[in-house]
Amino acid sequence: MYSTRFPFPGHLCIVNLNIVNQLKLIKMASQVFINLAVADISKSLAFYTQLGFTNNPQFSDDSTKCMVWSESIFVMIMTHEKFSGFVTKPIADTKNYTAALFALSVESLDKVNEMAEKGVAAGGIEPVPFADYGFMQKRNVEDPDGHIWEIFYMDMSKFPGGQ
C-alpha cells in the first residue's frame, strides 16, 4: 500500500499498487468515431435513429449527439458551430460535394433494404441505384446534410475465387 496527498491537498488517498499495476495493463479498445457537421441536430438525430443507431446521452448535449452503431463505431453529429471548434478549414458543403463515403456492413440483404428504406423515410435520399456485385449487394443513403452512407451485405462464399 502507498499513501499520498493526491488528488486534493489535505485529503489522504490510500492506493493499492497491485490495482494500479493491473489498471496499467488494461488498454482502451480500438474504436472509430466519425464526426459530422449537421445543420439540424434534431433532424439528424431522427435520421440516424431510424437507420438503427442509438443515442448515448452520456456524450450528448444540445449541440452534439453521440450515435452508437456498435461497441466500436460511433458517429458524433454536431452543429456547425460546435464542429467548427475542432477544425481550421471551412466545413465542406456535403449537399453539393462528396467529402467521404461511410460504409456499414450488415448481416443480410433484407437488412440493407430495411435500412435504406428507413433512411429515405427519415428524410434521406438514395443518390444511386441498388448495386449487386454477386458477392456483395449495396445501397447508398444520403442523410439530410448530404453525408453518404453505403449500406452493404457481403457473402464471402460467393466471392470470385473463393474465400
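The values are calculated or read from the model by the stated rules, or taken from the named source; none is laboratory data. This is a predicted model, so every value here is computed, not measured. In this analysis, Cβ positions are derived from the backbone assuming ideal geometry, glycine residues included, and neighbour counts consider all displayed protein chains.
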ask   = If a residue has to be under 14 Å from I41 (Cβ atoms) and either in a loop (DSSP other than H, G, I, E, B) or charged (D, E, K, R) (or both) to count, how many in the range 68-86 make the cut?
value = 2
Cβ pairs under 7 Å, 6+ apart, first in the range 67-94 and of a type in the set (V, I, T), second assigned to a loop (DSSP other than H, G, I, E, B) = V68/F53; V75/F53; V75/W69; T79/S63; T94/D145; T94/G146; T94/H147
request  = Name the one entry in Y97, Y153 that is over 20 Å from S44 (Cα atoms) and hydroxyl-bearing (S, T, Y).
outcome  = Y153
task = Determine if the range 123-135 includes at least one residue that is of a type outside the set (F, W, Y), in contact with a strand residue (DSSP E or B) (Cβ under 8 Å, 6 or more places away or on another chain), under 30 Å from M78 (Cβ atoms) and in contact (Cβ under 8 Å) with a residue 24 or more places away in the chain.
result = yes
remark   = Taking the range 31-69 and the residues there that are closer than 14 Å to L104 by Cβ and touching a Leu at 6+ places or on another chain (Cβ under 8 Å), the one that is surrounded by the most Cβ atoms within 10 Å (Cβ to Cβ) would be M67
task = Any chance you could count how many residues in the range 1-59 are outside any loop (DSSP other than H, G, I, E, B) and modelled with pLDDT under 65?
result = 15
task = From (1) at pLDDT 95 or above; (2) surrounded by fewer than 15 Cβ atoms within 10 Å (Cβ to Cβ); (3) in a helix (DSSP H, G or I), pick out the condition that doesn't hold for V128.
result = (3)
key: Whichever residue in the range 105-125 is touching a Gly at 6+ places or on another chain (Cβ under 9 Å) and not in a loop (DSSP other than H, G, I, E, B) and, among such residues, is surrounded by the fewest Cβ atoms within 10 Å (Cβ to Cβ)   = I125
message = On the basis of being under 18 Å from the mean Cα position of the chain (by Cα) and without any contact (Cβ under 8 Å) to a residue 24 or more places away in the chain, does E142 make the cut?
response = yes
